[in-house]
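Structure record follows, encoded as structure tokens.
The values are calculated or read from the model by the stated rules, or taken from the named source; none is laboratory data. Nothing here was measured: the structure is a model prediction, and the numbers come from that model. Note that each Cβ is placed from the backbone with ideal geometry, even for glycine, and that neighbours are counted across all protein chains shown.
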Amino acid sequence: MDPLMITVAPVGAEVTRSQTPYIPLTPEEIAEECYRAWNEGASIAHLHARNPDGSPTQDPAVYSRIIELVRDKTDLIIQISTGGAVGMTVEERVAPVSLKPEMATLTCGTVNFGDGIFVNSLSDMELFARTIREHGVKPEFELFDVGMMENQRRLAAGKLVEMPGHFDFVMGVPGGISGDPRNLMHFVSILPEDGSTWSVAGIGRHELPLGAMAIVLGGHVRVGFEDNIYYSRGVLAKSNAELVARMARLARELGRNVASPQEARRVLGLSA
Ligand code: KMH
Ligand code: ZN
């Protein structure tokens, strides 16, 4: 098996200070959380950006500052979000791809997202795919439900994205696929058989058991406050690093090495 890539998603677009005082919001706070997570074994940083008031933004200037600070302290693979927040326009969402990070997310379909709708029409997806490719960025295909695999196949068939690719199964969003272990098995069973890699982002209490499954199955794992703010039932994690450290510890206990960012670049086919 390849070494385990641990993605840290330290901030997201939705979590607020009233939910957890530990959520990083400013570029400095986000970079510090990335640094701590890197020290514990994270190899990829899935980044969102926030305005000074904590609201989500896709402003490239804010992303640029975060990326600069993260690169100062770590050699993490930078993956920016093109998902942004529910309600943002496609133009807003795609803007930070111009910064040419190593990776960017590409959500493969529309999904209910709590009370909102996270809209990704086929033409939206094509625009994200083209822009991501034009800037020489590697996409991470975000799948919030199994039907999204068909949309990803359409992008691949239309040569809008290169294969093999890297997939991330986001499981447990209210409105999307649930965190039932059988759903992860099904996702894995319908992956293209071309050497594509995958990770799982379990939401809330699903983060730990689905991460453990990914370790055993040869997948990879995403943890962090974007997906889950708790260390255990009712106990807030004080840093994203605690969630990363636990996943790394679990992997080692199960005999799987944890990838450094350079090893993760090799696994993902990114240049060193
Ligand atoms: N904030 C969600 C609506 C991504 O980063 O690409 C979308 C999201 C996906 O977080
Ligand atoms: Zn995200």
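Tabulated results
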item	result
Residue ID - nearest to ligand 2 (Cβ to nearest atom), chosen from residues in the range 1-54 that are part of a strand (DSSP E or B) and of a type outside the set (Val, Ile, Thr)	46
Residue within the range 69-82 that is touching a Gly at 6+ places or on another chain (Cβ under 6 Å) and not β-branched (Val, Ile, Thr) present	no
Of residues in the range 212-236 being crowded, with 16+ Cβ neighbours inside 10 Å and among the charged types (D, E, K, R), the one farthest from residue 11 (Cα to Cα)	222
Set 170, 161, 146: member being outside any helix (DSSP H, G or I), under 21 Å from residue 47 (Cβ atoms) and more than 16 Å from the chain's Cα centre (by Cα)	161
Unique match (being closer than 24 Å to residue 151 by Cα, buried (at least 19 other Cβ atoms within 10 Å of the Cβ), touching a residue at least 12 places away in the same chain (Cβ under 8 Å) and among the hydrophobic types (A, V, I, L, M, F, W, C)) among 8, 94, 15	94
Of all residues in the range 218-244 being of a type in the set (Gly, Ala, Ser) and within 28 Å of residue 196 (Cβ to Cβ), the one that is farthest from the chain's Cα centre (by Cα)	218
Matching residues, the range 114-135, being over 15 Å from residue 86 (Cα atoms) and not in a helix (DSSP H, G or I)	135
Which numbered condition residue 138 fails, given (1) within 18 Å of residue 224 (Cα to Cα); (2) under 16 Å from the mean Cα position of the chain (by Cα)	(1)
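Yes/no matrix, rows are residues, columns are (1) of a type in the set (D, E, K, R); (2) surrounded by 14 or more Cβ atoms within 10 Å (Cβ to Cβ); (3) part of a strand (DSSP E or B):
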{"position": "183", "(1), (2), (3)": "no, yes, no"}
{"position": "198", "(1), (2), (3)": "no, yes, yes"}
{"position": "201", "(1), (2), (3)": "no, yes, yes"}
{"position": "207", "(1), (2), (3)": "yes, yes, no"}
{"position": "246", "(1), (2), (3)": "yes, yes, no"}
{"position": "265", "(1), (2), (3)": "yes, yes, no"}
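For every residue, the table says whether it meets (1) within 27 Å of residue 55 (Cα to Cα); (2) in contact (Cβ under 8 Å) with a residue 12 or more places away in the chain; (3) of a type in the set (Gly, Ala, Ser).
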site: 144; (1), (2), (3): yes, yes, no
site: 161; (1), (2), (3): no, yes, no
site: 164; (1), (2), (3): no, yes, no
site: 168; (1), (2), (3): yes, yes, no
site: 172; (1), (2), (3): yes, yes, yes
site: 180; (1), (2), (3): no, no, no
site: 194; (1), (2), (3): no, yes, no
site: 216; (1), (2), (3): no, yes, no
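Quick grid of which residues meet (1) within 17 Å of residue 81 (Cβ to Cβ); (2) within 16 Å of ligand 1 (Cβ to nearest atom); (3) touching an Asp or Glu at 6+ places or on another chain (Cβ under 9 Å); (4) at pLDDT 95 or above:
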residue: 6; (1), (2), (3), (4): no, no, yes, yes
residue: 9; (1), (2), (3), (4): yes, yes, yes, yes
residue: 14; (1), (2), (3), (4): yes, yes, yes, yes
residue: 19; (1), (2), (3), (4): no, yes, no, yes
residue: 34; (1), (2), (3), (4): yes, yes, no, yes
residue: 41; (1), (2), (3), (4): no, no, no, yes
residue: 44; (1), (2), (3), (4): yes, yes, yes, yes
residue: 51; (1), (2), (3), (4): yes, yes, yes, yes
